[in-house]
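The values are calculated or read from the model by the stated rules, or taken from the named source; none is laboratory data. Since the structure is predicted, the reported quantities are computational estimates derived from the model, not experimental observations. Using ideal geometry, Cβ is built from the backbone for each residue, glycine included, and neighbour counts are taken over all protein chains shown. When the accessible area is computed, the model is the full protein with side chains, heavy atoms only, and any ligands, DNA or RNA have been set aside. Shrake-Rupley method; radii C 1.70, N 1.55, O 1.52, S 1.80 Å.
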Amino acid sequence: MTFSLQIPFRDGAANRSWLHQYLRQLPLSLLCWTGIVLLESSQVFVSDAARGYTLPTAHYVAWATFNWYVFALVSPIIYELGLRYPIVGRDWTLRIFFPHALVCIVCLTTQAFCRGFAGSIYSIHNETNFELRGLPFALTGEWFDRRGLVGAVSYWVIVIIAAFAHLREQVRQRELREAQLESRLASAELEKLRMQIHPHFLFNTLQAAITLVQDDPRAAEDVLLRLSELLRISIDQIESNEIPLARELEFLDLYTGIQQRRFGDRLSVETHSDTDTLNLLVPPLILQPLVENAIRHGIGKHKGSDCVEIFVQKRNEELHIEVWNSNSVVEGATEQLFLRGVGLRNTRARLEQLYGASGQLFFRPLAKGGAGVVITLPARKSEEAQPQPAPEVAG
């Protein structure tokens with residue numbers, strides 16, 4: 001096992017960032033060590049007072065400052081070093097010795113010598129009962145004897161705090177990566193569902209055109225022209241998860257025009273939507289599978305005429321869309337109905353992917369006979385201008 005201390009090259013921006021980080025952490029460090037200085041000075045004062053001999057208060061504060069304020073200045077650096085070389089994870093035992101044990105010795109030595117020389121200068125100017133000879137080194141050695149262990153513990157406490165911060169950041173990064181992965185998986189699943197719907201719709205429409213080629217060539221031509229327009233709109237919206245309702249109704253109008261060419265006067269489609277709902281967002285191609293299902297299980301299985309109705313309303317903060325068919329019948333439970341077709345099953349799955357519990361799709365029988373499919377989703381407005389009505393397709 002090998003271990004190396006790598007010091008990456010820092011450009012000017014990185015240096016400024018490091019300095020900004022140091023200056024941001026310095027006030028907290030000064031505050032914490034000021035508390036320690038006041039605590040030590042108070043303890044020494046109380047101890048002297050118990051012996052009946054006290055000095056001016058500034059004397060106790062000054063010596064406590066000499067004892068610890070170098071640590072106040074270097075604590076942000078120790079913390080940053082602890083983040084870069086945490087004593088957790090791979091090679092943590094080696095990091096204890098290098099760089100941390102080495103840096104700890106350097107910090108203790110620096111603090112001790114600063115205390116010795118600062119104390120000497122203070123003693124020369126403010127005290128009379130001292131031995132000048134060898135004073136700086138004596139004060140340095142005294143700090144090691146009395147406070148060296150506390151200084152070492154202080155260093156490792158900062159390193160341990162940095163290690164916990166490092167672990168917390170790793171957890172946060174892992175959660176962020178998992179959230180991004182879940183988002184990509186959800187997008188991939190949504191794209192898969194969308195790609196399943198497009199061929200399903202395309203094949204059904206081509207089948208409708210084929211049945212008209214011999215019986216009504218002009219109607220078949222109109223179907224193919226409408227289909228080409230549908231494909232153009234579909235390609236334009238392939239990257240969109242949501243589009244304005246007005247655009248979705250434009251798409252639906254082209255599709256129902258194809259079906260009306262197929263069934264003639266037997267089929268009518270009516271759309272009832274409030275004006276304030278046209279700029280609300282819906283998933284693209286969300287209505288076509290519902291209308292297709294209503295036609296297939298209505299006029300597709302029964303003789304006579306049929307009417308498919310679409311109702312769109314905004315209720316509080318939800319958009320309600322219902323597709324009615326008076327000739328359809330709800331046969332079986334809702335879950336059983338979803339197992340019978342790709343379009344409905346994928347439509348519900350898309351709603352769940354986009355809106356979670358806020359997007360729902362279910363069946364219900366109509367009081368006057370027939371069946372309805374209900375969609376509820378959050379009512380969110382589009383910032384785009386409302387599109388113009390669908391262009392007329394030559395027939």
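Summary of values
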quantity	calculated
Odd one out for I121, checked against (1) modelled with pLDDT of 90 or more; (2) open to solvent by 80 Å² or more (accessible area, probe 1.4 Å)	(1)
Flag for F66 being closer than 17 Å to A118 by Cβ and in a helix (DSSP H, G or I)	yes
Condition broken by L31, with the remaining ones in (1) outside any helix (DSSP H, G or I); (2) loosely packed, with under 11 Cβ neighbours inside 10 Å; (3) aliphatic (A, V, I, L, M) satisfied	(1)
Qualifying residue in the stretch 315-336 (condition: at pLDDT 90 or above, part of a strand (DSSP E or B) and in contact with a helix residue (DSSP H, G or I) (Cβ under 6 Å, 6 or more places away or on another chain))	yes
Counted residues, the stretch 103-113 - those being surrounded by fewer than 18 Cβ atoms within 10 Å (Cβ to Cβ) and under 21 Å from A62 (Cβ atoms)	2
Check on A294, part of a helix (DSSP H, G or I) and closer than 16 Å to S382 by Cα	no
Long-range neighbours under 8 Å by Cβ, at least six apart or interchain, first residue basic (K, R) within the stretch 36-50, second part of a helix (DSSP H, G or I)	none
Pairs with Cβ under 8 Å, 6+ apart, first in the stretch 95-108 and among the aliphatic types (A, V, I, L, M), second in a helix (DSSP H, G or I) and surrounded by 13 or more Cβ atoms within 10 Å (Cβ to Cβ)	V103/I78; V103/L81; V103/Y155; L108/F144; L108/G148; L108/G151; L108/A152; L108/Y155
Matching entry among G343, G264 (being more than 28 Å from E242 (Cβ to Cβ), open to solvent by less than 60 Å² (accessible area, probe 1.4 Å) and modelled with pLDDT under 85)	G264
Residue in the stretch 71-102 that is farthest from S29 (Cα to Cα), counting only those that are touching a Ser or Thr at 6+ places or on another chain (Cβ under 8 Å) and open to solvent by less than 30 Å² (accessible area, probe 1.4 Å)	F71
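Here is a yes/no grid of residues against (1) at pLDDT 80 or above; (2) assigned to a helix (DSSP H, G or I); (3) over 21 Å from T65 (Cβ atoms):
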position: S4; (1), (2), (3): no, no, yes
position: P8; (1), (2), (3): no, no, yes
position: A13; (1), (2), (3): no, yes, yes
position: Y22; (1), (2), (3): yes, yes, no
position: I36; (1), (2), (3): yes, yes, no
position: V44; (1), (2), (3): yes, yes, no
position: D48; (1), (2), (3): yes, yes, no
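Yes or no, residue by residue, for (1) basic (K, R); (2) open to solvent by 90 Å² or more (accessible area, probe 1.4 Å); (3) modelled with pLDDT under 80:
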position: L132; (1), (2), (3): no, yes, yes
position: A138; (1), (2), (3): no, no, no
position: H166; (1), (2), (3): no, no, no
position: L190; (1), (2), (3): no, no, yes
